Structures are given as structure tokens and as C-alpha cells.
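The values are calculated or read from the model by the stated rules, or taken from the named source; none is laboratory data. Please read all numbers here as calculations on a predicted model, not as lab measurements. Virtual Cβ from ideal backbone geometry, glycine too; neighbours counted across all protein chains shown.
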Amino acid sequence: GAGVSQSPSNKVTEKGKDVELRCDPISGHTALYWYRQSLGQGLEFLIYFQGNSAPDKSGLPSDRFSAERTGGSVSTLTIQRTQQEDSAVYLCASSHGLARTQYVDEQFFGPGTRLTVL
Amino acid sequence: SQKIEQNSEALNIQEGKTATLTCNYTNYSPAYLQWYRQDPGRGPVFLLLIRENEKEKRKERLKVTFDTTLKQSLFHITASQPADSATYLCALDLSFSGGYNKLIFGAGTRLAVHP
């Protein structure tokens, strides 16, 4: 695709409900990242995928958070039993994911999903 | 503790002047450092990457320096324009083998360029 897309753009949910956020990376990008950005804060790393596997899940805040990636493409971030502190913008990024040699493996970000937990 | 600090206050400058944004970090030894621009309601957009063995990198009106001794990067926009108004994010690039580059972001500095 032309860029990274995310859906929905906005999600309002009630405390305790489960939510699913979707990310469509740039075609051909093997690396995919999820970040969370709270108001006035920097981006907080959540999880990294290389292909369909997740070698680094170290940023997931609790076991209520999980993510999967299928077919080396689309990824879904699931938050179970949402809490008010989960309210934030969730950003997805993708990159070539090739070994860094002489080029810049920049990350391309989607527009984010704004999650509001009431 | 590990920290990345950027100018916490918004930076207001006059059009045509040079904007200088600061990124300081502790307890990391990044191989690379990246700068991104973020506009309201949008995801960050990559601007520049500088390697640890580079002192300076330029791209059009942008200049980045990287001092691994001071653990500091400076980001300059020369001949600033109102269109440069945005939040600028510094990110330490902790590259690992296999094509995985983990970015640790600062909170960003909001720049406002006034006509």
C-alpha cells in the first residue's frame, strides 16, 4: 500500500470491554512495531514483529495486552478488560527489517488509533 | 534510570531564525540517533539519522549533531518557516542484529515559528 494504515481512527469503549486495533503495514515490510503515546508523553514501545513472530514483547504493559501478526502482514493489538489508564494513541510502524548496512531502516508510522476508555 | 530529555517547554521563534532543539540522554550507548517530526493527529515522520561515528549530518535546512561523549544531539532548522511548526521527536536507535531497530523516544519539543 501507499503507507501504513490503522483502524479504527478513534475508539471509545467502556471500562472492562475488550478492544482490537488493526495495523496494515507497507507491503513488503517485514518488521512491524506497536507504540503507545499518552498525552504529552513520548512514544512508548510495546512490541516488535519480524514476519509473524514477536521476538520482543518487552513493552507490553500487562497480560491484558496481546498482539498477533498473520501472513507477515496485518497485525492486531488486543487489549482485554480495558482500564482508563489504557486511554492513549496507539501507533503502528513498519520498516524493511533488513540487516542495517549502509542504508537507513527508517520506521514508517501510521496515523494511529485514539483509544478512549470511559 | 535511563532517560531521554528534550526541551520540555515549547520553542517559539521568529520566521527566518534558526531553531535549535536539544536531546540529552543517560545510560544508553546508541549506535544511531534518529529525529522525527510529528504534526497534530498524525504519526511521526522520519527526518534524519546520524551514526555514532558521525559528528554532523545535514539535509536541506536541517542539521543534526551527535556528541556521544556529552550524550547529546542538537537538531537545527535554519531559515525557519511557519510550516516547520510541529513537534520534533528524538529517538535513540538501539539497533540489534537481524534488522531490528528498537527506538526509544523522547517526549518531543513543540516548535512554533511565527511570521
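Does A:Ser27 meet the test of being more than 12 Å from the chain's Cα centre (by Cα), more than 11 Å from chain B (Cβ to nearest Cβ) and within 26 Å of B:Leu89 (Cα to Cα)?
On the way: more than 12 Å from the chain's Cα centre (by Cα): yes; more than 11 Å from chain B (Cβ to nearest Cβ): yes; within 26 Å of B:Leu89 (Cα to Cα): yes.
It is true that A:Ser27 is more than 12 Å from the chain's Cα centre (by Cα), more than 11 Å from chain B (Cβ to nearest Cβ) and within 26 Å of B:Leu89 (Cα to Cα).
Looking only at region A:47-68, which residues are charged (D, E, K, R) and away from chain B (no Cβ under 14 Å)? If you could, list the steps in order and put the result at the bottom.
Kept after step one, since they are charged (D, E, K, R), are these residues of region A:47-68: A:56-57, A:63-64, A:68.
Of everything in region A:47-68, those that are charged (D, E, K, R) and away from chain B (no Cβ under 14 Å) turn out to be A:Asp63, A:Arg64, A:Glu68.
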Of the residues that make up region A:70-90, is at least one farther than 28 Å from B:Ile4 by Cα, crowded, with 16+ Cβ neighbours inside 10 Å and within 14 Å of chain B (Cβ to nearest Cβ)? yes
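Out of the strands (runs of 3 or more DSSP E) lying entirely within region A:1-60, which hold 3 or more residues that are surrounded by 18 or more Cβ atoms within 10 Å (Cβ to Cβ) and either on the phi < 0 side of the Ramachandran plot or of a type in the set (Asp, Glu) (or both)?
A:19-24, A:31-37, A:43-50
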Sort through A:Glu14, A:Glu44 and tell me the only one that's within 12 Å of another protein chain (Cβ to nearest Cβ), acidic (Asp, Glu) and within 19 Å of A:Arg114 (Cβ to Cβ). A:Glu44
Residues within region B:40-76 that are modelled with pLDDT of 95 or more, under 30 Å from A:Ser7 (Cβ atoms) and of a type in the set (D, E, K, R), tallied: 0
Let me spell it out: the conditions are (1) closer than 23 Å to B:Pro40 by Cα; (2) at pLDDT below 90; (3) within 11 Å of another protein chain (Cβ to nearest Cβ), and A:Tyr35 meets all of them except one. Which number is the exception? (2)
Looking at (1) out of contact with any strand residue (DSSP E or B) (no Cβ under 7 Å at 6 or more places or on another chain); (2) modelled with pLDDT under 90, which is the only condition A:Lys57 fails? (1)
Filter region B:56-70 for residues that are farther than 14 Å from B:Tyr32 by Cβ and of a type in the set (Lys, Arg); the one that is nearest to the chain's Cα centre (by Cα) is B:Lys63
